[in-house]
2 protein chains.
Amino acid sequence: MYRTHTCGQLRTNHVAQTVTLSGWVQRVRQLGGMTFVDLRDRYGITQLVFDMSINPTLCTAANKLGREFVVQVTGIVRERSSKNPQLPTGDVEIDTQTLQVLNAAKTPPFTIETDTDGGDDLRMKYRYLDLRRPGVQSNIIMRHQMAQATRQYLNNLAFLEIETPFLIKSTPEGARDFVVPSRLNPGQFYALPQSPQTFKQLLMVSGFDRYYQIVRCFRDEDLRSDRQPEFTQIDCEMAFVEREDVLQTFEGLLRYLLKEIKGYDLGTVERMSYDDAMRLYGSDKPDIRFGMAFTELNEVVKGHGFSVFDDAELIAGICATNCADYTRKQLDELTDWVKRPQIGAKGLVYVRYNPDGTLKSSVDKFYSPDQLLTWAQKMNAQPGDLLLILSGNTDKTRKQLGELRLEMGKRLGLRNPNEFKALWVLDFPLLEWDEEDQRWNACHHPFTRPRTQNFENINESEWGSLRAEAYDLCLNGNEIAGGSIRIHERALQEKVFSLLGMSEEEALQKFGFLMGAFEYGAPPHGGIAFGFDRLCAIMGGHESIRDFIAFPKNNSGRDTMIDAPSPIDAKQYRELHIATTIQQV
Amino acid sequence: MYRTHTCGQLRTNHVAQTVTLSGWVQRVRQLGGMTFVDLRDRYGITQLVFDMSINPTLCTAANKLGREFVVQVTGIVRERSSKNPQLPTGDVEIDTQTLQVLNAAKTPPFTIETDTDGGDDLRMKYRYLDLRRPGVQSNIIMRHQMAQATRQYLNNLAFLEIETPFLIKSTPEGARDFVVPSRLNPGQFYALPQSPQTFKQLLMVSGFDRYYQIVRCFRDEDLRSDRQPEFTQIDCEMAFVEREDVLQTFEGLLRYLLKEIKGYDLGTVERMSYDDAMRLYGSDKPDIRFGMAFTELNEVVKGHGFSVFDDAELIAGICATNCADYTRKQLDELTDWVKRPQIGAKGLVYVRYNPDGTLKSSVDKFYSPDQLLTWAQKMNAQPGDLLLILSGNTDKTRKQLGELRLEMGKRLGLRNPNEFKALWVLDFPLLEWDEEDQRWNACHHPFTRPRTQNFENINESEWGSLRAEAYDLCLNGNEIAGGSIRIHERALQEKVFSLLGMSEEEALQKFGFLMGAFEYGAPPHGGIAFGFDRLCAIMGGHESIRDFIAFPKNNSGRDTMIDAPSPIDAKQYRELHIATTIQQV
């Protein structure tokens, strides 16, 4: 037994007890013949005291302790003369009697504190030390609590946690699969699941009725910052449900998590169609912690000789409350911001609606103050507000204005990470046109139920306007979950596969088992999957998922700590019936 | 909303309510102008009634329902005239008002009942139907309950569930890794974890103190019946612990699971050294639901002219209580049984200790009744018992006698699947000699703490007798968990790697990160992993794990339902920088 108590446990009611503690040396201070050691573990910090005048040998040993040494001590708990109200254990200290170094430590390559001096690369290489930092440690502990609370909520609703296989079949479309060569089946490969989609649907066919799993998924995509090749989903499916049942169940989950983990009462979860979200916020995941919805201005700005607007498909603006005092320099900077390649706008039109009621714009040459006033009125602007207007192709302009809206929200402090607003986005398109591959792709996935079921009379020109029984749950402008009501009839599934350009043979080869299952009594069903890494990050008040994953990979998909991936040996190649096509140096 | 209640919910207090139910048609019976339909879902079965004289259209529709059709009905709950006490819902039935077929079903290829007419191959191909069978469904539900109870127990002890990566580094030794070619890192591969061993040790170095995970693991081994390429572990690790802490914690887990899931009170968990287990039961996982421990007879049987015994390294026997009446035919059959190649004994010596006190053996030519009596006494036999004796090389004889003991236990009904006896086997060897590769392997794994730490003076001839801080937990003769106290010092870890014949360079390349971590303040730590599939099967009273896994693979590692593994296309090969060495037909 290495300890009788943890370093976070002792209080004044333990005074006079002899205790044994183990932990890490956080710091050592020498002060007038006394040595004070802060001993740390996951549970807290306890102060150890050594007195040179009483036990010089022990005190000398304590003076030799370095940061992050692992030690075991015994001693007597006593009340501190000068208490530390910052620490739960701050009322007591240990009058140390014995000290044993369990393991020495080299000086860490960065400080083990919330604000560390270590850069990203160093922190990743020594992730086991990075994980000792209080901030990262509390993220990982919060993730544990989130997982447990998720299960509590779902278990109470009679959901069953059922494990699905990781070694499945490669059916590439959309994202790339990671594949695993089979030694026992030469020339054949398993794939790692991008999600347990077909298996959870089969579980509904099997009658399990309500399924969930907190499960690892894999996508071999080109990595952007904050996208990981392996990620975790809260994956759920329900039988005999309509959309409303799914929405109620899972906004309930989010509400439960916010209450349990953050003590936060999530109000109403609003709902918005995909079309409205795009029209009003230029995004399928609007941040509705603040307003600043778009106003479309085509009818009041066209026909006044300003060719930029006259030639534009869409002219739309946002109203930045109380920003009429923006200086020319600020406005120029904002214009540069929207013209950055990441945003891609050609320019920015502004109208200052001054507190005295006058209007000043960047297009005064073309528009009279009265005309500008009609814009302001249409945008519900008040004196003191600033109108920011973009124009061009509809889709692009919406996207650009959406980015500008988020940026203004950030600059105006309207995106408080401790406030949470959730939104259902509904009625997504069924199909989207893939310019690169010149084909229609499923917006959600090919198992999504279309809102129209009779495609015979629908011309391909209208396919883009077909809508699906698909829904996304957004939190603070992030998509945290997405799902749909599924197809449960073979004939309808075949039709959708054919819309996606899949031949009958290909459909059978890839998904024959699922279409077969639909013929043996498949119930209506639907479900959802939460991105667990992102949900943890957002609820933790962070944008980056990296520090909510114990052992993340870098942007090249590498784990620099263990140095993976790495070459394999010739015997492995031979046994797996594969060869590399890379010239070995 | 497809239903107001489930098919397992209605009781007499619902009488006169109008309800909506959805489910599967279990069976349709026509009886004197009435049609009775058993409607089934995961929660139960409810009887629907249709009356030809009241609503002939509806009743005719009901008569056309086939097995496994998915239907939705509305109707009024009424008390049955002839109740069915077998069913929780057996007091009521539904006076059906409307019937809607949600999905028709083809006739299933086998019956959806506990005792099905479907063979293994058919059941696996249509696993989604097999999973509807009550027996299989209840196994999967029990597995869910086991997972939740495991988490409850560990959460209460401040364990944290922390996810570790699935895409890691290949460090083959012992079992083969499954590998995953990296597209972004040409010529390099990830490996799927055989266990999260090194990561959980790093979590201890990080100070998380108590970790667990119910996690998928992967081993690319030649498949025996009942071994799956992917399997699930309850994986656990604790810091600042000695062996006793780990044993107490995890026999507590088993006790909790048996109580929660089976209502079973596990008594004391006994303990036995590996050496004793081998000497007394010929197994490192003895089934101690019954006695029949070995007695070694060398000193009483040698030197009487029976060369089989005189030349044998070990002569040992078991005493089968009340089996003296075994006929010659039974004994011949038992002799044939031990001589089967799977057992491999050369022969079987028996001694009948008759109820009248006389003794009759197969070696009466060499031994007098008085001599036989000393054997019986040494084996604590009573009149009426049967002594069964094997001889030969020590290890082989123990193994053979162990098999015979289990077989006799089975024949005598001493292995009751509803009785549970757990045993810790302790002090396993550190190393074992691998005849094939002519090298020493770690018995448990290379991170296991040796009981001896100074190897300098130990001759290789004694390496086989080195003992490790390793332990196995056995339940009813199955190893359900194994673990060890780990090495936490770099120097000791380097020594053990070198005992295993690993060069310094190789050790650094494979496990440099771990040895590095040991230098930055690694606490003493240890842990354990439970085989979750097997634990579920044994607690479910079954020997086979297959029906406790929702989607298992067959003995060739194939999922015959989805037809995986399967070929991948040329683009995938190209992107992954690999080629197949198999001639494509």
Task: Filter pass, A:R183 being basic (K, R), within 7 Å of chain B (Cβ to nearest Cβ) and on the phi < 0 side of the Ramachandran plot - done: yes
- [ ] Check off (1) open to solvent by 40 Å² or more (accessible area, probe 1.4 Å); (2) modelled with pLDDT under 95 for B:N441 and give me the number that stays unchecked.
- [x] (1)
Open item on the list: Conditions first: (1) more than 7 Å from chain B (Cβ to nearest Cβ); (2) open to solvent by 10 Å² or more (accessible area, probe 1.4 Å); (3) closer than 15 Å to A:G526 by Cβ; (4) among the charged types (D, E, K, R). A:D235 passes all but one, so which condition is the exception?
Closed with: (2)
Open item on the list: Can you find a residue that is at the interface with another protein chain (Cβ under 9 Å from one of its Cβ atoms), hydrophobic (A, V, I, L, M, F, W, C), in contact with a Ser or Thr (Cβ under 8 Å, 6 or more places away or on another chain) and in a loop (DSSP other than H, G, I, E, B) anywhere in the stretch A:205-215?
Closed with: no
TODO: Return yes when A:L131 is facing chain B (nearest Cβ under 10 Å) and either within 21 Å of the chain's Cα centre (by Cα) or surrounded by fewer than 17 Cβ atoms within 10 Å (Cβ to Cβ) (or both) and no when it is not.
DONE: yes
- [ ] Restrict the check to the stretch B:75-86 and report whether at least one residue is touching a Pro at 6+ places or on another chain (Cβ under 6 Å) and open to solvent by less than 20 Å² (accessible area, probe 1.4 Å).
- [x] no
Task: Residues of the stretch B:29-46 classified as in contact with a Gly (Cβ under 8 Å, 6 or more places away or on another chain) and in a strand (DSSP E or B), total - done: 6
Open item on the list: So A:L202 ticks every box in (1) at the interface with another protein chain (Cβ under 7 Å from one of its Cβ atoms); (2) assigned to a loop (DSSP other than H, G, I, E, B); (3) at pLDDT 95 or above but one. Which box is left unticked?
Closed with: (2)
Task: the stretch A:566-585 - residue that is farther than 20 Å from B:Q572 by Cβ and of a type in the set (G, A, S) and, of those, modelled with the highest pLDDT - done: A:S566
Task: Set A:T164, A:T171, A:T96: member being closer than 23 Å to A:F218 by Cβ, touching a helix residue (DSSP H, G or I) at 6+ places or on another chain (Cβ under 8 Å) and crowded, with 21+ Cβ neighbours inside 10 Å - done: A:T164
- [ ] Test A:E519 against the criterion of being among the acidic types (D, E), open to solvent by 10 Å² or more (accessible area, probe 1.4 Å) and facing chain B (nearest Cβ under 10 Å), and give yes or no.
- [x] yes
Task: Filter result (within 9 Å of A:L406 (Cα to Cα) and surrounded by fewer than 19 Cβ atoms within 10 Å (Cβ to Cβ)) within the stretch A:275-288 - done: none
Task: Given (1) open to solvent by less than 60 Å² (accessible area, probe 1.4 Å); (2) assigned to a strand (DSSP E or B); (3) not hydroxyl-bearing (S, T, Y), index of the condition B:L65 fails - done: (2)
Task: Matching option when the condition is at pLDDT below 95 and open to solvent by 30 Å² or more (accessible area, probe 1.4 Å), among B:G291, B:G303 - done: B:G303
TODO: Would you point out the residue of the stretch B:537-572, among those that are more than 8 Å from every other protein chain (Cβ to nearest Cβ) and β-branched (V, I, T), that is farthest from the chain's Cα centre (by Cα)?
DONE: B:T560
- [ ] Can you give me the ranges of the strands (runs of 3 or more DSSP E) entirely in the stretch B:467-585 with at least 2 residues that are closer than 30 Å to A:G23 by Cα and in contact with a strand residue (DSSP E or B) (Cβ under 6 Å, 6 or more places away or on another chain)?
- [x] B:470-475, B:478-485, B:525-531
- [ ] Kindly list the number of the only condition in (1) open to solvent by 20 Å² or more (accessible area, probe 1.4 Å); (2) within 27 Å of A:W433 (Cβ to Cβ) that fails for A:K339.
- [x] (2)
Open item on the list: For a quick check of your reading of the model, give me the residue pairs whose first member lies in the stretch A:306-329 and is assigned to a strand (DSSP E or B), whose second is hydroxyl-bearing (S, T, Y), with beta-carbon atoms closer than 7 Å and at least 6 apart or on different chains.
Closed with: A:L314/A:S391; A:L314/A:T394; A:L314/A:T397; A:I315/A:S391; A:A316/A:T295; A:A316/A:T397; A:G317/A:T295
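Scan B:R227, B:R255 and give me the residue that is among the basic types (K, R), assigned to a loop (DSSP other than H, G, I, E, B), free of Cβ contacts under 8 Å to residues at least 60 places away in the same chain and open to solvent by 10 Å² or more (accessible area, probe 1.4 Å).
Sole residue among the options that is among the basic types (K, R), assigned to a loop (DSSP other than H, G, I, E, B), free of Cβ contacts under 8 Å to residues at least 60 places away in the same chain and open to solvent by 10 Å² or more (accessible area, probe 1.4 Å): B:R227.
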- [ ] Among the numbered conditions (1) on the phi > 0 side of the Ramachandran plot; (2) not assigned by TED's automatic domain parsing to the domain that holds A:G317, tell me where A:M278 comes up short.
- [x] (1)
Task: Of all residues making up the stretch A:99-109, the number that are among the small types (G, A, S) and surrounded by 19 or more Cβ atoms within 10 Å (Cβ to Cβ) - done: 1
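Yes or no, residue by residue, for (1) open to solvent by 30 Å² or more (accessible area, probe 1.4 Å); (2) closer than 25 Å to A:D276 by Cβ; (3) without any contact (Cβ under 8 Å) to a residue 24 or more places away in the chain:
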site: A:L426; (1), (2), (3): no, yes, no
site: A:W433; (1), (2), (3): yes, yes, no
site: A:R451; (1), (2), (3): yes, yes, no
site: A:E460; (1), (2), (3): yes, no, yes
site: A:A470; (1), (2), (3): no, yes, no
site: A:A481; (1), (2), (3): no, yes, no
Open item on the list: Here are the criteria: (1) within 30 Å of B:R40 (Cβ to Cβ); (2) touching a Cys at 6+ places or on another chain (Cβ under 9 Å). Tell me which single one A:F548 does not satisfy.
Closed with: (1)
Open item on the list: Looking at the stretch B:156-189 only, could you name the residues that are over 27 Å from A:V136 (Cβ atoms) and among the hydroxyl-bearing types (S, T, Y)?
Closed with: B:S170
TODO: Only residues that are open to solvent by less than 50 Å² (accessible area, probe 1.4 Å) and out of contact with any Lys or Arg (no Cβ under 8 Å at 6 or more places or on another chain): list them for the stretch A:110-128, please.
DONE: A:T111, A:G118, A:G119, A:R123, A:M124, A:Y126, A:R127, A:Y128
TODO: Could you list, in sequence order, all residues of the stretch A:1-28 that are of a type in the set (A, V, I, L, M, F, W, C), in a strand (DSSP E or B) and open to solvent by 20 Å² or more (accessible area, probe 1.4 Å)?
DONE: A:V28
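Is at least one residue of the stretch A:405-418 assigned to a strand (DSSP E or B) and in contact with a strand residue (DSSP E or B) (Cβ under 8 Å, 6 or more places away or on another chain)?
Within the stretch A:405-418 (the criterion being assigned to a strand (DSSP E or B) and in contact with a strand residue (DSSP E or B) (Cβ under 8 Å, 6 or more places away or on another chain)), the answer is no, since none of the residues qualifies.
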- [ ] Assess whether B:D472 counts as being within 11 Å of chain A (Cβ to nearest Cβ), closer than 30 Å to B:F290 by Cβ and not β-branched (V, I, T).
- [x] no
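The values are calculated or read from the model by the stated rules, or taken from the named source; none is laboratory data. These figures come from a predicted structure and were not determined experimentally. Here the Cβ is made from the backbone with ideal geometry for all residues, glycine too, and neighbour counts use every protein chain on show. Only protein heavy atoms, including side chains, enter the accessible area calculation; ligands, DNA and RNA are left aside. Shrake-Rupley method; radii C 1.70, N 1.55, O 1.52, S 1.80 Å.
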